[in-house]
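Participant: First the structure, then my questions, so here it is.
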Amino acid sequence: MEDVAWFDAGDVFVAVGHQVSDGAIWTSPDGISWTRTALIPFNNPGGGVDIHSVTDTGQALVAAGMEWYGEGESIPAVWTSIDGDAWTRAELDQSGIDEATENGLVDVVGYEDDLFAVGFSWVGNITPEPRLWASIDGALWRPIDLREEDILGSILNAIAVSDDGTLVIVGESDAEHVDSRAWVSKDLGQTWSRVEVERGNVGIADLKDIGHTDLGWVAVGSDGTTRHEHGELIAAVWHKQDSGPWTRISPRDQQFQPQESAGAAGMTAVTSLDGVIIAGGFDGTDCDASTEVSMEYMRCDLDAAFWIWSLTP
């Protein structure tokens, strides 16, 4: 499971992800008992399906991900549902997409009648190119050209929207030793500008998720610097009041560092409830020759980890 949302119209939780090579949807009325549903249209005998994100628009559910044709060959994909059980593949403009490379969507968000999905393309499987699509109904998606120079060569991981319609995208650079990357749009995705999150000695910063809460913007991820003594990765949090600058929260605080030396800790998701910020992620140790390597983080024995804290508004 890669994402979960509460669906008001169906009065259920809806989780998305994959099982073996098929995309998968699960529903639950209480978060405890879950049922897998909707095999069609998520079974792809010729390749596979990954569903990375789901959101509730108020009238329907929208899920985003990718459909595989073969190893290293995929296209972005969007699906919609009015009940969480039956799903329909949406029409997404594939202009500029090379199906011989890896392409996909990683996050989707809605604001009033507008929907936005962020993703990526690999040009010749060498250079990442960020992608953004928009829709007014979830059934038909049009690409938005990201011409802002600083965004090129970046990998987008998440998109969020505030109550006034401000959109913020966070991600990472394909290059090492760069500043934390975020971009903002105040005109519903038509133009984007780079915003400074943290400049200078950040090392390999990776912003995995962002949310707009009643305490402002909160972005989470990991920091691959060498300025700490607990391994290569520590969990990292950045906070921003709506009218203020971005501030790194306690970068050397013990709670953000791995439980064991030479380990890794990172946050991959964030949400809020009644003024409390809740982040989820992982905490693990280095692999040795006898254990199976996690290919995504190059770590073994990754335990689930959660962080809970509150900030003064």
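The values are calculated or read from the model by the stated rules, or taken from the named source; none is laboratory data. The structure presented is a predicted model; accordingly, all values stated were derived computationally and were not measured. All Cβ positions, glycine included, derive from the backbone under ideal geometry; neighbour counts span all protein chains shown.
Participant: If you check ALA160 against the conditions, is it modelled with pLDDT of 80 or more, in contact with a Gly (Cβ under 8 Å, 6 or more places away or on another chain) and closer than 25 Å to PRO251 by Cβ?
Facilitator: Yes; evaluated as a whole, the condition is true for this residue.
Participant: Here's something else I'd like to know. Can you list the strands (runs of 3 or more DSSP E) lying wholly within the stretch 205-313 that have 1 or more residues being surrounded by fewer than 21 Cβ atoms within 10 Å (Cβ to Cβ), of a type in the set (Lys, Arg) and at pLDDT below 90?
Facilitator: 246-248
Participant: From the list GLY171, GLY119, GLY165, GLY110, which residue is closer than 23 Å to VAL78 by Cβ, under 20 Å from the mean Cα position of the chain (by Cα) and either assigned to a loop (DSSP other than H, G, I, E, B) or modelled with pLDDT under 80 (or both)?
Facilitator: GLY165
Participant: Conditions first: (1) modelled with pLDDT of 85 or more; (2) among the hydroxyl-bearing types (Ser, Thr, Tyr); (3) in contact with a Leu (Cβ under 7 Å, 6 or more places away or on another chain). SER180 passes all but one, so which condition is the exception?
Facilitator: Condition (1) is where SER180 drops out.
Participant: What pairs come out if I take residues in the stretch 58-84 that are over 16 Å from VAL109 (Cα atoms) and pair them with residues that are in a strand (DSSP E or B) and among the charged types (D, E, K, R) whose C-beta lies under 7 Å away, six or more apart or interchain?
Facilitator: Pairs found: MET66/ASP50; SER74/GLU67; ILE75/GLU67.
Participant: Another question about this same structure. Considering only residues of the stretch 134-157 that are crowded, with 23+ Cβ neighbours inside 10 Å and at pLDDT 95 or above, which is nearest to GLU73 (Cα to Cα)?
Facilitator: So the residue we want is TRP141.
Participant: Can I ask one more? Looking at the stretch 20-76 only, could you name the residues that are in contact with a strand residue (DSSP E or B) (Cβ under 6 Å, 6 or more places away or on another chain), outside any strand (DSSP E or B) and under 22 Å from PHE7 (Cα atoms)?
Facilitator: Within the stretch 20-76, PRO29, GLY31, TRP34, ALA38, PRO41, PHE42, THR57, ALA60 meet the criteria.
Participant: When only residues in the stretch 23-55 that are farther than 22 Å from GLY138 by Cβ and charged (D, E, K, R) count, which is surrounded by the fewest Cβ atoms within 10 Å (Cβ to Cβ)?
Facilitator: Checking each candidate, the answer is ASP30.
Participant: Pick out the one residue from LEU140, LEU105, LEU132, LEU92 that is out of contact with any Phe, Trp or Tyr (no Cβ under 8 Å at 6 or more places or on another chain) and either farther than 25 Å from ALA38 by Cβ or not assigned by TED's automatic domain parsing to the domain that holds THR191 (or both).
Facilitator: LEU140
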